[in-house]
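Contents: one structure, followed by commentary.
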Amino acid sequence: MKDPRIEQLAKNLINYSVKLQKGEKVLIENFGLQRELVNALVKEAYAAGGSPFVSLKDHQVDRALLMGANEDQFDMIAEFEANVMKNMDAYIGLRAGDNINEQSDVPAEKMAIHGNTVGKKVHREIRVPKTKWVVLRYPTNSMAQLAKMSTEAFEDFYFNVCNLDYGKMSEAMDSLVELMNRTDKVRLTGPGTDLTFSIKDIKAIKCAGELNIPDGEVYSAPVRDSVNGTITYNTPSPYQGFTFENVKLTFKDGKIVEATANDTERINKIFDTDEGARFVGEFAIGVNPFILHPMQDILFDEKIDGSFHFTPGQCYDDAYNGNHSNIHWDLVNIQRPDYGGGSIYFDDVLIRQDGRFVIPELEKLNPENLK
């Protein structure tokens, strides 16, 4: 039996997220075989007058390739995928898998080979700047386990999150974008956190269903050398196949000068990937009213209501602060009272307290006004 929620999601992705037009080509890349949504996307692409192309991938196969990876081989893979990508007008990346730790034993130097080839030449040089793109997860038993929910309850949660009215959210975000574009100094406080930085003259970008599903964040970036203080993240964060917890970072003049976690040696190896890995490329505020708790999936966790993320590594071109790196790690802090609370100040004015916006022009972003 067809699930109408899948068909609605496919309509949203084709017509709202990537806005596929007649004659345009879209690459649908699926990690994990999710036939229902892939088939629905193909159908909607044809209905829009477009031409769908499908690439099926598997996390276990990717692991096998990475374990023996060499530069020449992955240069050829990057060239092959880049030749496909540069002929596309749009990209939909569908991610699903049974094991978030599938690549946990891939050596860091092998992951770096992928980042320096496929990640750079396909994703950063073509897909992100030159196509209309959106990336999403698809509900699996593994995701339900991570969310500590039954499979049926998680599916209901997933479709509530992914099929909400993103047009309404987009309009509500305009006031936050305008305020961030006028802001110089930002201060973040909370348990184990007292951090200051500037976002002056760095553009704020709203994310309301056009690049990620689920969505719900407004991002900018700190002036590269302006970050000072300490931040303690209160959500688990899978990265390169390992789940980090209790991450605490200390900054001086923009640079991470001390990093600790449940595996301090491992986290410092990540931050030693390149020079930019110890600087921050993104600051974002999460507002999705249906996402309340972390589930070790960054596409969900970075949108949590009452959260922010502060991201070591590569910046985005549209919120450019000059930082370049092969990593981009969205580490999340939740500031609602059930996670210890916290405050956000813009130019010494309190704008959010314990996860709720407290100035009139931003109250429309509180959860009861977005559902």
Looking at Gln73, Gln60, which is the one that is under 24 Å from the mean Cα position of the chain (by Cα), surrounded by fewer than 18 Cβ atoms within 10 Å (Cβ to Cβ) and assigned to a helix (DSSP H, G or I)?
-> Gln60
Could you grab me the full set of residues in region 76-108 that are in contact with a helix residue (DSSP H, G or I) (Cβ under 7 Å, 6 or more places away or on another chain), of a type in the set (Asp, Glu) and loosely packed, with under 15 Cβ neighbours inside 10 Å?
-> Asp98
Checked region 1-19 for anything touching a residue at least 24 places away in the same chain (Cβ under 8 Å), open to solvent by 10 Å² or more (accessible area, probe 1.4 Å) and hydrophobic (A, V, I, L, M, F, W, C); matches are Ile6
Listing of helices (runs of 4 or more DSSP H) fully contained in region 91-189 that carry 3 or more residues being modelled with pLDDT of 85 or more and touching a Pro at 6+ places or on another chain (Cβ under 6 Å) = 151-162
If you take the residues of region 205-250 that are modelled with pLDDT under 95 and more than 15 Å from the chain's Cα centre (by Cα), which of them is surrounded by the fewest Cβ atoms within 10 Å (Cβ to Cβ)?
-> Thr243
If Thr196 passes every condition in (1) surrounded by fewer than 21 Cβ atoms within 10 Å (Cβ to Cβ); (2) in contact (Cβ under 8 Å) with a residue 24 or more places away in the chain; (3) within 28 Å of Arg127 (Cβ to Cβ) but one, which one does it miss?
-> (3)
Can you name the condition, by its number, that Ala47 falls short on among (1) open to solvent by less than 60 Å² (accessible area, probe 1.4 Å); (2) on the phi < 0 side of the Ramachandran plot; (3) free of Cβ contacts under 8 Å to residues at least 60 places away in the same chain?
-> (1)
Considering region 193-232 alone, what residues qualify as being part of a loop (DSSP other than H, G, I, E, B) and of a type in the set (Lys, Arg)?
-> Lys200, Lys203, Arg224
Matching entry among Gly68, Gly93, Gly115 (being closer than 18 Å to Ile327 by Cβ and small (Gly, Ala, Ser)) = Gly115
Pick from Ile256, Ile267: which is modelled with pLDDT of 95 or more, surrounded by 19 or more Cβ atoms within 10 Å (Cβ to Cβ) and closer than 21 Å to Ile298 by Cα?
-> Ile267
Restricting the search to region 239-296, which residues are on the phi > 0 side of the Ramachandran plot and among the acidic types (Asp, Glu)?
-> Asp253
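The values are calculated or read from the model by the stated rules, or taken from the named source; none is laboratory data. Note that the coordinates shown come from a computational prediction; the quantities given were computed from them, not determined experimentally. In this analysis, Cβ positions are derived from the backbone assuming ideal geometry, glycine residues included, and neighbour counts consider all displayed protein chains. SASA here: full protein model, heavy atoms, side chains in, ligands and nucleic acids out. Shrake-Rupley method; radii C 1.70, N 1.55, O 1.52, S 1.80 Å.
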